[in-house]
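Working notes, beginning with the structure itself.
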């Protein structure tokens, strides 16, 4: 791959990630809070003696409170109060729906709260996606030279290498973003203040809490790109056989197909590897009992059941499908535009690595 093509993939990845992050930021905030151990979507009770998990002399209802419990004064917390007298506590609250979560944030924290963490997200998403797509493209060129070209093993190795490099380089940015999104207070903490607090509490190593979960999340990216490449190959083969494929020109249909392929592959990958996201969010919480990746998954499963490891999955899919579709289509579009713009005039038939891949797949088919 030429240096020009490398720059094109670098720019395309950065632009694609930025566009996707801005459009889906409110959904990202809701998803992160649902994944946490305390989402903040339930207003705190004014009667802590009825909801506390610690038994004290104040835990037992007074005569006045018992009368209110019997007449429905505390309908939501009556079973919780009685649980201290030997009755099993009620099951955890069902998380509210996406619209209810968005409304709760706006009403209690203001509309700006929907974009908490957007600053670090914008700072990190461009270099993260740029590093990822550039590493993926470079790794693919290398593995294609030593392994069967465009085979699934090439896609797996390329996606793994790209995910590892991107996670290691940008984990501190995502750590700060998660802390900001988990902040439920109306007096918003700034990103710089968050950085100072983390550094004072844990030093530089504190910015890498949850990186093990991020590494485990590479499996999601691997599944995503393997399926995406397979779908894209199938689409290319289908278009070639129908005689409607031209590697040197792209239409709106091509970009719609890229969006559909990206959304489809990401949905499957997210469902398979989602628990690592819950573990990563829990590890990034401030002052929690979660210490390591496997200990976190074990704790969540023991306390909340298997469903606890999939908290926020619905919101994640609602966010991830348009985000991935927008990102992949933007990436392919920017690559195409820049390639046409900076194509060498002396070699009108030359193409970038992206189009060379399409040509190779056509020939293999």
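The values are calculated or read from the model by the stated rules, or taken from the named source; none is laboratory data. Just so it is clear, the structure is predicted and the values come from calculations on it, not from any experiment. In this analysis, Cβ positions are derived from the backbone assuming ideal geometry, glycine residues included, and neighbour counts consider all displayed protein chains.
Which condition number in (1) at pLDDT below 85; (2) buried (at least 20 other Cβ atoms within 10 Å of the Cβ) is the one that residue 275 fails? The failed condition is (1). Considering only residues in segment 275-289 that are part of a loop (DSSP other than H, G, I, E, B) and touching a residue at least 40 places away in the same chain (Cβ under 8 Å), the one that is farthest from residue 206 (Cα to Cα) turns out to be 288. So residue 322 passes all but one of these: (1) at pLDDT 80 or above; (2) within 30 Å of residue 32 (Cβ to Cβ). Which condition number does it fail? Only one criterion in (1) at pLDDT 80 or above; (2) within 30 Å of residue 32 (Cβ to Cβ) is unmet by residue 322, namely (1). Among the residues of segment 4-36, just one is more than 16 Å from residue 128 (Cβ to Cβ), surrounded by 19 or more Cβ atoms within 10 Å (Cβ to Cβ) and at pLDDT below 80, namely 5.
For residue 343, the criteria (1) farther than 17 Å from residue 252 by Cβ; (2) in a helix (DSSP H, G or I) hold in every case but one, which is (2). For the condition assigned to a helix (DSSP H, G or I) and either within 11 Å of residue 17 (Cα to Cα) or in contact with a strand residue (DSSP E or B) (Cβ under 7 Å, 6 or more places away or on another chain) (or both), residue 113 does not qualify.
Do we find that residue 312 is at positive phi and surrounded by fewer than 19 Cβ atoms within 10 Å (Cβ to Cβ) in this structure? The answer is no for residue 312.
In segment 225-241, the residues that are under 21 Å from residue 129 (Cα atoms) form Cβ pairs under 8 Å with partners that are at pLDDT below 85 and not in a helix (DSSP H, G or I), at six or more places apart or across chains, as follows: 229/150. If we keep just the residues of segment 142-156 that are outside any loop (DSSP other than H, G, I, E, B) and at pLDDT below 90, which is surrounded by the fewest Cβ atoms within 10 Å (Cβ to Cβ)? Result: 153. Looking only at residues in segment 105-130 that are in contact (Cβ under 8 Å) with a residue 40 or more places away in the chain and over 17 Å from the mean Cα position of the chain (by Cα), which one is nearest to residue 218 (Cα to Cα)? So the residue we want is 113. If you filter segment 198-234 down to residues that are in a helix (DSSP H, G or I) and out of contact with any helix residue (DSSP H, G or I) (no Cβ under 8 Å at 6 or more places or on another chain), you find that the one that is farthest from residue 122 (Cα to Cα) is 234. If we scan segment 158-170, do we find a residue that is assigned to a helix (DSSP H, G or I) and more than 28 Å from residue 27 (Cβ to Cβ)? Looking for residues that are assigned to a helix (DSSP H, G or I) and more than 28 Å from residue 27 (Cβ to Cβ), one finds at least one in segment 158-170, hence yes. Is it the case that residue 168 is surrounded by fewer than 17 Cβ atoms within 10 Å (Cβ to Cβ) and within 19 Å of residue 213 (Cα to Cα)? Considered against the rule, which asks whether it is surrounded by fewer than 17 Cβ atoms within 10 Å (Cβ to Cβ) and within 19 Å of residue 213 (Cα to Cα), residue 168 comes out as yes. Filter segment 118-131 down to the residues that are at pLDDT below 85 and surrounded by 19 or more Cβ atoms within 10 Å (Cβ to Cβ), then identify the one that is farthest from residue 12 (Cα to Cα). Filtering segment 118-131 for residues that are at pLDDT below 85 and surrounded by 19 or more Cβ atoms within 10 Å (Cβ to Cβ), the one farthest from residue 12 (Cα to Cα) comes out as 121.
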